[in-house]
1. Any residue that is within 19 Å of Phe29 (Cα to Cα) and not hydroxyl-bearing (Ser, Thr, Tyr) - is there at least one of those in segment 101-121?
2. Can you find, within segment 81-116, the residue that is surrounded by the fewest Cβ atoms within 10 Å (Cβ to Cβ) among those that are without any contact (Cβ under 8 Å) to a residue 40 or more places away in the chain and within 8 Å of the ligand (Cβ to nearest atom)?
3. Residues in segment 41-61: is at least one surrounded by fewer than 19 Cβ atoms within 10 Å (Cβ to Cβ), out of contact with any helix residue (DSSP H, G or I) (no Cβ under 6 Å at 6 or more places or on another chain) and under 25 Å from Gly3 (Cα atoms)?
4. Do we have Val68 as within 16 Å of the ligand (Cβ to nearest atom), β-branched (Val, Ile, Thr) and either surrounded by 12 or more Cβ atoms within 10 Å (Cβ to Cβ) or modelled with pLDDT of 70 or more (or both) here?
5. If we keep just the residues of segment 103-152 that are modelled with pLDDT of 50 or more, of a type in the set (Gly, Ala, Ser) and outside any loop (DSSP other than H, G, I, E, B), which is nearest to Ile52 (Cα to Cα)?
6. Applying the selection to segment 97-123, what residues are closer than 20 Å to Pro5 by Cβ and in contact with a Lys or Arg (Cβ under 9 Å, 6 or more places away or on another chain)?
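The values are calculated or read from the model by the stated rules, or taken from the named source; none is laboratory data. Computed from a prediction, not measured in an experiment: that's the story for all the values here. Neighbour counts are summed over all protein chains in view; Cβ atoms, including those assigned to glycine, are modelled from backbone coordinates with ideal geometry.
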Amino acid sequence: MSGVPALFLDRDGVINRERGEHTWREADFEVLPDVAEAIRRARSAGLLVVVITNQSGIGLGLYTHDHVARLHALLRGTLGHQGAELTAIYYCPHHPSRGKCLCRKPGGLLLERAMARYGIDPARSVMVGDRERDVVGEARSLGADGTGRSTGEVRQH
Ligand SMILES: [Zn+2]
């Protein structure tokens, strides 16, 4: 299957600082240094940049879809001002204590939806999760390469 390459990013702990608790207030949302540049480099290397995040606080009733929409508008604005445009943001609003869903990571539903929607080739894409904090290094290597060479498979965890 052919398609476009993408950089999939986790949100909490990759784009914004991990606080060890749910993050939905704008005041608690701190974009990590160099994230904008990493995204900009990925985009200029021809990759789409898609954020996929678990937001189980909605399922718990801690915050709402509106809170998430506001935060993501802020994020897009902040990054956009730095020339780092996000292609899309997908989130799972469910909490596992309230029943199983297929969209909560490591479930692959959101990933599949993004790949179908944007014609993404998983074999040419990379995923950066919050356990590999090296988002900058990953994206830099993509951008520095800049040849469109395959950069590895989509890793799910
Ligand atoms: Zn879900």
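1. The answer is no, given that none of the residues of segment 101-121 is within 19 Å of Phe29 (Cα to Cα) and not hydroxyl-bearing (Ser, Thr, Tyr).
2. Once the filter is applied, the top-ranked residue is Leu102.
3. Yes: segment 41-61 contains one or more residues that are surrounded by fewer than 19 Cβ atoms within 10 Å (Cβ to Cβ), out of contact with any helix residue (DSSP H, G or I) (no Cβ under 6 Å at 6 or more places or on another chain) and under 25 Å from Gly3 (Cα atoms).
4. It is true that Val68 is within 16 Å of the ligand (Cβ to nearest atom), β-branched (Val, Ile, Thr) and either surrounded by 12 or more Cβ atoms within 10 Å (Cβ to Cβ) or modelled with pLDDT of 70 or more (or both).
5. Ala114
6. Leu110, Leu111
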